[in-house]
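This report refers to the structure that appears directly beneath it.
Readers should treat all values here as calculations from the given coordinates under stated rules, not as data from a laboratory. Remember, predicted model here, so these are calculated numbers, not experimental data. Every residue, glycine as well, gets a Cβ built from its backbone with ideal geometry; the counts of neighbours run over all protein chains shown.
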Amino acid sequence: MPRYFFEIAYNGNSFHGWQRQPNAISVQQVIEETFSKLHSNQEISIVGCGRTDAGVHAKKYFFHIELPEIDNIEHLIFKLNRMFPKDIAVFNILKVSDELHARFDAKKRTYRYFLHQQKDPFKDSLSLYFPQELNLKVMNDAAKLLLGTHDFGAFSKLHTDVKTNICEVYDAGWVTNNDSIYFEISANRFLRNMVRAIVGTLIDIGLNKLNQQDLISILASKNRQEASISVPAHGLFLWDVFYEF
């Protein structure tokens, strides 16, 4: 059967992350169960471009699946969007080569973490309310220290099953937009909890609790206990995933 890439988005507030969990609802489970209903209740498996933790959102996410030839892609998109809950939307379906892998062939991933500094009940579930004054210049100067290839063990959740903590960061910085602020970071790969731990550490730098030399020492330590606490999940979005189709 041909392989298809599906481009979707989801609000993570209602899910215990992307990956299937034994005792909690996940985005992957909802999607697989929906495809199963479309195919006579056969067991269907999909492969996602990566794992997002509980409460994390995705503006752009890809998964691949082998399906019988799709005659009308627009009709299937319409049908799936009627069947998916309001938290999940599908935007595009691409027929790809049988070798293209949603996880292993992603060349670059981009995350954004959103803060708002003026109280706003309409942003509260998708952005962290943070009214304290932040020094964005020193935060951006510190973010530049993350560029390049490093061991990011100091910003990784402990006891994960990855073989290496080495990541290459292409871009990292803070952007202001009216009363909103977001941190954007792009890399070839990310470790579990990495972005949220980095954001927490950069916020402490912006509060003058830490400085750039502290960040250099934290990165060199490869010790999660040296970095700051992670910020809450609800402000984090997987923003983009790049492939060479």
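Before moving on, here are some points about what is shown:
- Region 25-45, residues that are buried (at least 16 other Cβ atoms within 10 Å of the Cβ) and either among the basic types (Lys, Arg) or in contact with a helix residue (DSSP H, G or I) (Cβ under 7 Å, 6 or more places away or on another chain) (or both): Thr34, Ile44
- Strands (runs of 3 or more DSSP E) contained in region 130-245 and holding at least 1 residues farther than 26 Å from Phe63 by Cβ and in contact with a Cys (Cβ under 9 Å, 6 or more places away or on another chain): 148-151
- From the options Gly50, Gly55, residue that is under 30 Å from Ser156 (Cα atoms), assigned to a loop (DSSP other than H, G, I, E, B) and in contact with a Gly (Cβ under 8 Å, 6 or more places away or on another chain): Gly55
- Conditions (1) in a loop (DSSP other than H, G, I, E, B); (2) touching a residue at least 12 places away in the same chain (Cβ under 8 Å); (3) not polar (S, T, N, Q); number of the one not met by Pro22: (2)
- Val96 closer than 18 Å to Ile31 by Cβ, touching a residue at least 60 places away in the same chain (Cβ under 8 Å) and out of contact with any helix residue (DSSP H, G or I) (no Cβ under 8 Å at 6 or more places or on another chain): yes
- Residues located in region 160-183, provided they are crowded, with 18+ Cβ neighbours inside 10 Å, of a type outside the set (Phe, Trp, Tyr) and touching a Gly at 6+ places or on another chain (Cβ under 8 Å): Val169
- Contact annotation: residue pairs with Cβ atoms under 6 Å, 6 or more positions apart or on different chains, pairing a residue in region 68-88 that is farther than 18 Å from Gln42 by Cα and touching a residue at least 12 places away in the same chain (Cβ under 8 Å) with a partner that is among the aromatic types (Phe, Trp, Tyr) and surrounded by 10 or more Cβ atoms within 10 Å (Cβ to Cβ), are Asp87/Tyr10; Ile88/Tyr10.
- Residue that is of a type in the set (Asp, Glu) and either closer than 21 Å to Phe245 by Cα or not in a loop (DSSP other than H, G, I, E, B) (or both), where the choices are Glu43, Glu33: Glu33
- Those residues of region 67-95 which are surrounded by 17 or more Cβ atoms within 10 Å (Cβ to Cβ) and in a strand (DSSP E or B), in sequence order: Ile88, Val90, Ile93
- Leading residue by the ranking (surrounded by the most Cβ atoms within 10 Å (Cβ to Cβ)) among those in region 98-116 that are out of contact with any Gly (no Cβ under 6 Å at 6 or more places or on another chain) and assigned to a strand (DSSP E or B): Tyr111
- The single residue among Ser230, Ser217 that is among the hydroxyl-bearing types (Ser, Thr, Tyr) and closer than 30 Å to Asp105 by Cα turns out to be Ser230.
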